[in-house]
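What follows is a set of notes on a single structure, which appears directly below.
The values are calculated or read from the model by the stated rules, or taken from the named source; none is laboratory data. Values in this document were obtained by computation on a predicted structure and should not be read as measured data. When we count neighbours, we look across all protein chains shown, and the Cβ atoms used for this are built from the backbone with ideal geometry, even at glycine.
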Amino acid sequence: MFPAPFRVVLDACVLFPFTVRDTLLRAAAADFFQLYWSEEIIEETRRNLVATGTTTEEQAARLVSTMKKAFPDAMVSGYEPFIPAMKNDEKDRHVAAAALKAAAQVVVTSNLKDFRELPDGIEAQSPDQFLCNLFDLGPDEFVRLLLAQCAALKKPSRSFDELLAGMAKVVPNFAAAVRDHVGELDAV
């Protein structure tokens, strides 16, 4: 597989659920897409993880630090002048502005209704749709990525089926596509 040339901004809401975040970040690291975010997106993720009790302040700070170190070129800045011109939901205009500044083709978000009006050339996709599209680029490579993700889980450890079952709650079509592909491989 060759590195995907398209640029993608991940909204805070898709960086919140652990398994989906882990899968998206692993896919970016494996060159399925070029990852972009802003300080505002990262801060919103951190704030929501702490506010919901999902992580402690210290754990959230470590996560953000790790994400920034792993993807040093992902940070978009200088997008603020574009915010007033964005026509999507007011609270998410900063995301659309960051996508415009990064020349992104896709914003991955669970809040599609907040991204109905985007600048030309930028599309909003749900994490399920986006992961299905990535999976189509290289199904075997993506299964290997998921197997590595599964092997890295220690607290608690999970089988591949358990990983997919958990993902199916958030990205059901993606989980089904992976199951179907693995079933086809097993049948050969």
### Task
Select, from Lys91, Lys113, Lys87, the only residue that is among the charged types (D, E, K, R), outside any loop (DSSP other than H, G, I, E, B) and farther than 24 Å from Val64 by Cα.
Lys113
### Task
Hey, could you check the range 72-91 for residues that are surrounded by 11 or more Cβ atoms within 10 Å (Cβ to Cβ) and within 17 Å of the chain's Cα centre (by Cα) and say which is farthest from Asp31 (Cα to Cα)?
Val76
### Task
Please verify whether the range 90-101 includes one or more residues that are under 29 Å from Val178 (Cβ atoms) and of a type in the set (A, V, I, L, M, F, W, C).
yes
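One line per residue, one yes/no per condition, for (1) in contact with a strand residue (DSSP E or B) (Cβ under 9 Å, 6 or more places away or on another chain); (2) of a type in the set (S, T, N, Q); (3) outside any loop (DSSP other than H, G, I, E, B):
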| position | (1), (2), (3) |
| --- | --- |
| Arg26 | no, no, yes |
| Leu49 | no, no, yes |
| Thr54 | no, yes, no |
| Glu58 | no, no, yes |
| Lys68 | yes, no, yes |
| Ala96 | yes, no, yes |
### Query
Going through the range 163-188 one residue at a time, which ones are in a helix (DSSP H, G or I), of a type in the set (D, E, K, R) and at pLDDT 90 or above?
Arg179, Asp180
### Task
Quick one: in the range 6-24, of everything that is modelled with pLDDT under 95 and not in a helix (DSSP H, G or I), which residue is surrounded by the fewest Cβ atoms within 10 Å (Cβ to Cβ)?
Phe6
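To keep it simple, each residue is scored yes or no on (1) surrounded by fewer than 14 Cβ atoms within 10 Å (Cβ to Cβ); (2) at pLDDT 95 or above; (3) of a type in the set (D, E, K, R); (4) within 16 Å of Gln125 (Cβ to Cβ).
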{"site": "Ala4", "(1), (2), (3), (4)": "no, no, no, yes"}
{"site": "Ser38", "(1), (2), (3), (4)": "no, yes, no, no"}
{"site": "Ala70", "(1), (2), (3), (4)": "yes, yes, no, no"}
{"site": "Arg93", "(1), (2), (3), (4)": "no, yes, yes, no"}
{"site": "Ser110", "(1), (2), (3), (4)": "no, yes, no, yes"}
### Query
Are there any pairs, at least 6 apart or on different chains, whose C-beta atoms fall under 6 Å, with the first in the range 15-33 and over 15 Å from Asn133 (Cβ atoms) and the second hydrophobic (A, V, I, L, M, F, W, C), and if so, which?
Pro17/Val170; Thr19/Met167; Arg21/Leu15; Arg26/Leu145
### Message
Conditions first: (1) over 23 Å from Phe82 (Cβ atoms); (2) part of a strand (DSSP E or B). Leu63 passes all but one, so which condition is the exception?
### Response
(2)
### Query
Which of the residues that make up the range 136-156 are surrounded by 14 or more Cβ atoms within 10 Å (Cβ to Cβ) and assigned to a helix (DSSP H, G or I)?
Leu137, Pro139, Glu141, Phe142, Val143, Leu145, Leu146, Gln149, Cys150
### Query
Taking Ala97, is it closer than 24 Å to Asp128 by Cα, of a type outside the set (Asp, Glu) and either in contact (Cβ under 8 Å) with a residue 24 or more places away in the chain or outside the structural domain of Leu146 (by TED's automatic domain parsing) (or both)?
yes
